[in-house]
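Notes for the one structure printed next.
Just so it is clear, none of the values below were taken in a lab; they were calculated from the coordinates. Small disclaimer: the values here were computed from a predicted structure and weren't measured. Every residue, glycine as well, gets a Cβ built from its backbone with ideal geometry; the counts of neighbours run over all protein chains shown.
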Amino acid sequence: MCGIVGYVGERRALPLLIEGLKRLEYRGYDSAGVAMMEDHTLQVTKSAGRVAVLEQMLDFDGSKATTGIAHTRWATHGAPNDANAHPHTDASGRIALVHNGIIENYTAFKKYLEQKGVVFATETDTEVLVQLIGCRYKGNLEKAVREALAEIHGTFGIAVVCSEEPGIIVAARRGSPLLIGVGQGEYLVASDASAILAHTSQVAYLSDNEMAVISADGLRTTTLDNIPVTKDIQEVEWTLDQIELAGHDHFMEKEIFEQPEAMRNCMRGRVDLGEGKVHLGGIADVAREITRAKRIILTACGTAWHAGLVGEYLFEDLGRIPTEVEYASEFRYRNPVIEDGTVVIAISQSGETADTLAALSEARERGALALGVVNVVGSSIARETDAGIYLHVGPEIGVASTKAFCGQVAVLAMMASYMGRRRHLSQSTTQEFLEALARIPEQMEQALENSDQAKTIAEACAQRENWLYLGRGYQYPVALEGALKLKEISYIHAEGLPAAEMKHGPIALINDGMPVVFIATQGSQYEKIISNIEQVRARGGRVIAVATKGDHGITKLATDVLYVPHTLEPLQPLLTVIPLQLIAYHAAVTRGCNVDKPRNLAKSVTVE
Ligand code: G6P
């Protein structure tokens with residue numbers, strides 16, 4: 001949620017850090033700050049607001065510092081004001097720290113430190129940590145950080161500098177991602193590879209309870225208990241152009257339009273039309289256990305939960321395996337029943353969502369086989385699983401998730417057909433399914449041609465403050481996702497429902513001209529959804545239908561029709577979600593909202 005970047009080397013650090021912060025802004029953007037170290041002087045500058053505000057306060061020509069740490073924040077403890085922005089410093093002003101995560105026992109330490117005479121300048125949990133490090137400091141920063149971390153409870157990704165030890169950054173992690181970028185005579189520390197990719201693609205990912213000390217001379221890694229650890233240096237698989245706008249106005253727009261390519265990358269080497277089967281290397285070692293699974297629990301948050309709901313239909317339909325989908329935040333506290341043969345699949349774009357990670361750990365502890373469907377390679381969830389499948393859809397920067405949803409649905413579809421084929425699906429049914437899946441990228445390109453029409457609809461309806469999204473069967477999760485997209489970025493109130501539920505209450509909301517989006521593609525429930533459309537029309541609602549190409553009849557019932565190509569019912573969400581993403585995008589632009597940085601949201605929520 002928050003972003004950390006640090007640099008130590010021979011170059012001027014400030015421009016590098018600000019560039020890194022801008023790339024991290026999608027992670028949090030309430031406030032930002034830098035701590036620069038020049039000789040033995042520590043200079044901290046921070047401000048509420050975006051990185052651009054901070055940038056204006058800085059003296060780029062004057063700063064010759066070659067060591068510094070920086071942060072962009074999404075507030076948890078304390079309002080997003082200047083004082084609460086990171087970096088935080090200890091009372092002596094010698095030590096500065098940036099922190100992602102939460103210090104759980106900060107109140108107790110605050111009291112303890114106040115009794116020792118420490119005066120706190122902020123309301124944050126983070127200040128408690130830096131003050132504690134300050135108290136433990138006896139001339140060795142690494143040692144002081146180690147001692148302080150041994151006392152606190154909670155999660156952290158931190159980078160710390162001390163004016164008495166110029167040219168050194170101490171970094172540590174527990175539960176909040178941190179990596180070290182390895183350059184030529186320089187090292188970077190970051191919470192996310194996108195912050196440093198412009199400078200190096202060689203990284204060492206810190207694991208939980210590990211610590212790194214970096215200087216221009218080298219990198220030393222240990223556990224928090226000071227046992228040396230040798231880290232592999234890995235190549236980041238994402239490229240710089242993948243994290244740039246490339247001519248688009250917003251990352252969300254770019255990512256919507258990237259979906260056909262993202263699908264191709266997601267399926268590459270996995271969908272084998274020649275043999276009519278799916279190869280899923282990531283779960284090959286546990287194939288036997290998966291095949292014999294008696295029950296599947298999919299767990300996730302937000303958009304990933306909607307993908308999980310599609311997964312529930314897929315696993316039951318194709319795999320004939322009893323499946324449930326659970327909000328991770330509920331699952332982790334619900335005393336769930338995990339019997340023999342239960343497979344728990346955590347779905348997450350970032351791989352860092354705290355609730356999903358905790359749900360997965362809970363499931364593992366109770367004996368379930370824990371699998372992950374994750375986009376970010378090496379992320380916490382990916383490391384915590386017994387096995388898993390990466391999405392390979394490339395970095396997703398826009399806060400509103402788009403291509404990750406399609407990647408998640410595609411991976412779940414591949415898993416369902418993989419299991420189905422091992423259990424009861426015939427070769428010909430599997431072949432037909434895979435052929436349809438392989439056609440999806442091209443069909444997505446056709447669905448994207450709706451953009452101008454989606455814009456016209458969005459412009460016409462953008463001032464209506466209440467919308468409904470309705471779908472049945474496989475389209476019910478898509479209705480939820482369409483409504484979530486609209487809420488997230490345009491701040492319009494929208495509700496997604498199974499279409500048949502409308503008559504049990506929400507129908508009372510429908511008034512003249514209220515936008516009601518129906519996902520009304522050809523399939524087993526087409527006739528039923530047409531009746532639901534009639535019910536809305538009769539009450540004056542404005543029907544916006546997503547329909548199958550060639551369905552001319554629907555134009556008599558709907559004010560607007562957005563067509564998508566025909567595909568098998570279980571795969572339709574991959575196409576029908578596109579017009580809904582486009583409507584949400586254009587509605588937000590029409591309303592003048594900040595599409596990529598919607599208010600109050602963060603790309604990845606690493607707190608409960
Ligand atoms: C946040 C984001 C959502 C996302 C959810 C789960 O709430 O704003 O867009 O769907 O987290 O994130 P994950 O990274 O676990 O998929």
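Expected output is a single nm value to one decimal: the length gained when fully extending between Asn226 and Gln535, i.e. 0.36 nm times separation in residues minus the C-alpha distance. What is it?
104.5 nm
At q = 0.09, 0.10, 0.12, 0.14 Å⁻¹, what base-10 log of I(q)/I(0) does the Debye formula yield for the range 3-236 when every alpha carbon is treated as an equal point scatterer in vacuo?
Normalising to I(0) and taking log10 leaves -0.31, -0.38, -0.56, -0.78.
What ranking do 571-584, 209-222 get when scored by the average of other Cβ atoms within 10 Å per residue, highest first?
Top of the packing list down: 571-584, 209-222.
Between Arg292 and Arg439, what is the spin-label point distance in nm, taking each point 7 Å from the Cα along the Cα→C-beta axis?
Going from the Arg292 label point to the Arg439 one covers 3.9 nm.
Quick check: residue separation of His552 and Thr239 times 0.36 nm, minus the Cα distance between them. What number comes out in nm?
Stretched out fully, the His552 to Thr239 stretch lengthens by 108.3 nm.
Through the Karplus equation 6.51 cos²θ - 1.76 cosθ + 1.60, θ set to phi - 60°, convert the phi angles of the range 269-274 into ³J(HN,Hα) values in whole Hz; use x for Gly and Pro.
Result, ordered by residue: x, 10, 8, 10, 6, x Hz.
Would you mind computing Rg(Cα) / (2.2 N^0.38 Å) for the range 243-425, counting N as its residues?
Taking the Cα Rg and dividing by 2.2 N^0.38 Å, one obtains 0.99.
Using +1 at the Cβ of each Lys and Arg and -1 at the Cβ of each Asp and Glu in the chain, identify which of Thr548, Ile533, Ile519 lies farthest towards the dipole's positive end.
With unit charges placed on the Cβ atoms, the residue in question is Ile533.
Give the span of the range 330-450's Cα atoms along each principal axis, as three whole-Å numbers ordered largest to smallest.
Dimensions of the range 330-450 along the principal axes of its Cα atoms: 44, 40, 24 Å.
Which FRET efficiency value, to the nearest 0.05, do you get for Gln202 and Ala284 by plugging their Cβ-Cβ distance into 1/(1 + (r/R0)^6) with R0 = 25 Å?
The formula returns an efficiency of 0.30 here.
For a label point 7 Å from the Cα of Asp452 along Cα→C-beta, name the residues of the range 239-279 whose backbone N is under 18 Å from it.
Within reach of a label on Asp452, which here means backbone N under 18 Å from a point 7 Å along Cα→Cβ, the range 239-279 contributes 257.
The range 464-555: percent of C-alpha pairs farther apart than 16 Å?
Taking all Cα-Cα pairs of the range 464-555, the fraction more than 16 Å apart is 48 percent.
Checking understanding here: applying a Kyte-Doolittle mean of at least 1.0 and a length along the axis of at least 20 Å (C-alpha), which whole DSSP H helices in the chain pass?
Helix filter hits for the chain: 573-590.
Can you pull a Stokes-Einstein diffusion coefficient for the chain at 10 °C (1.306 mPa s), Rh from Kirkwood over Cα pairs, as a whole number of µm²/s?
63 µm²/s
How big is the gap, in Å, between the Cα center of the range 295-370 and the Cα center of the range 43-85?
Rounded to whole Å, the Cα centres lie 39 Å apart.
Determine, for each peptide in 587-595, 170-178, the mean count of other beta carbons within 10 angstrom over its residues, then list the peptides with the highest first.
170-178, 587-595
Give me the Kirkwood hydrodynamic radius of the range 124-237, using the inverse of the mean 1/r over all pairs of distinct Cα atoms, in Å to one decimal.
14.3 Å
Any idea what diffusion coefficient the range 476-518 gets from Stokes-Einstein, in µm²/s, Kirkwood Rh on alpha carbon pairs, 4 °C, 1.567 mPa s?
Reported coefficient: 118 µm²/s.
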